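Here is the structure we will look at, set down as structure tokens.
The values are calculated or read from the model by the stated rules, or taken from the named source; none is laboratory data. All values derive from a computational prediction rather than experimental measurement. In this analysis, Cβ positions are derived from the backbone assuming ideal geometry, glycine residues included, and neighbour counts consider all displayed protein chains.
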Amino acid sequence: MPASAQRPHHPGGSREAAFFDLDKTIIAKSSTLAFSKPFQAGGLISRRAVLRSAYAQFVYLVGGADHDQMEKLRQFMSQLCAGWNVATVREIVAETLHNIVDPLVYDEAVSLIEEHHLAGREVIIVSTSGAEVVGPIGEMLGADRVIATRLEIVDGKYTGEIDYYAYAETKAEAIRELAAEEGFDLSHCYAYSDSITDLPMLEAVGHPHAVNPDKELRKAAVEHEWPVLVFTKPVNLGRRVKLPPAKPTLAALAVGGLMVAGGAIAVNLRRRGPA
């Protein structure tokens, strides 16, 4: 059992929670960039686009993304989704997401989630990715709730605007608000992330942990004497929990194509550097 999950409850009986980032913390890749090969197989994107997406994934895995690059990618992806039917997107995610994401889940993360539950803590995923994706992933993992980015919806379609952006300091604010509402004692709560952009979230709790940290977060973890965890064993989630059978559709491949396009943009942003 990891040392991070061995601590007993606070003697005063206050509620506790464990807050997890998603990409590169619970799953081994970016949830936005994980879908390229199925889209090529469906004839929806070119081989060149697949290669660009693969390179974007490599860049993300090695170095992550700074604030400027994340902002550019946010603007691009929100505009790209404008006009998409919400019900269709949610149906597609429900039918196909686990086929792509299941093999990417870190075994160590699943075990840690289970151990926090056994210790009586709520498990909460806090992710910059969209709620339509984070919600189903959280359900598969047995998370008690999720905090995620919400896109604006008008007449059943995405407008291209963002109602709520779960990123950086906003994540920490959401955690503090939730703690006030639910009675969590943040000094006895836990948080896990790989990215320096989540430094405010980690600083909001009493037991922060850096997971597969980027260079800047590793430096901060050393300075603060925070535990650094290394997750290395992706496992098919179907081997750990029972999942419904997949029902892949051509429409599902189309939605994923949006994510691949985002990957290509991420590569271009990396090449150009911050504005």
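Quick notes on this one:
- Checked against (1) surrounded by fewer than 21 Cβ atoms within 10 Å (Cβ to Cβ); (2) over 14 Å from Ser14 (Cβ atoms), Ser187 meets all criteria but (2).
- Arg145 fulfils the conditions (1) over 20 Å from His117 (Cβ atoms); (2) modelled with pLDDT of 95 or more; (3) surrounded by fewer than 18 Cβ atoms within 10 Å (Cβ to Cβ); (4) touching a helix residue (DSSP H, G or I) at 6+ places or on another chain (Cβ under 8 Å) except for a single criterion, (1).
- Members of the range 196-227 found to be loosely packed, with under 14 Cβ neighbours inside 10 Å and either of a type in the set (A, V, I, L, M) or within 14 Å of Lys29 (Cα to Cα) (or both), listed by number: Val222
- The lone exception for Leu151 - which of (1) at pLDDT 70 or above; (2) over 18 Å from the mean Cα position of the chain (by Cα); (3) not β-branched (Val, Ile, Thr) it fails: (2)
- Any hit, the range 140-150, residues being closer than 23 Å to His224 by Cβ and part of a helix (DSSP H, G or I): no
- Screening Ser193 on (1) loosely packed, with under 13 Cβ neighbours inside 10 Å; (2) under 21 Å from the mean Cα position of the chain (by Cα) shows it passes everything except condition (1).
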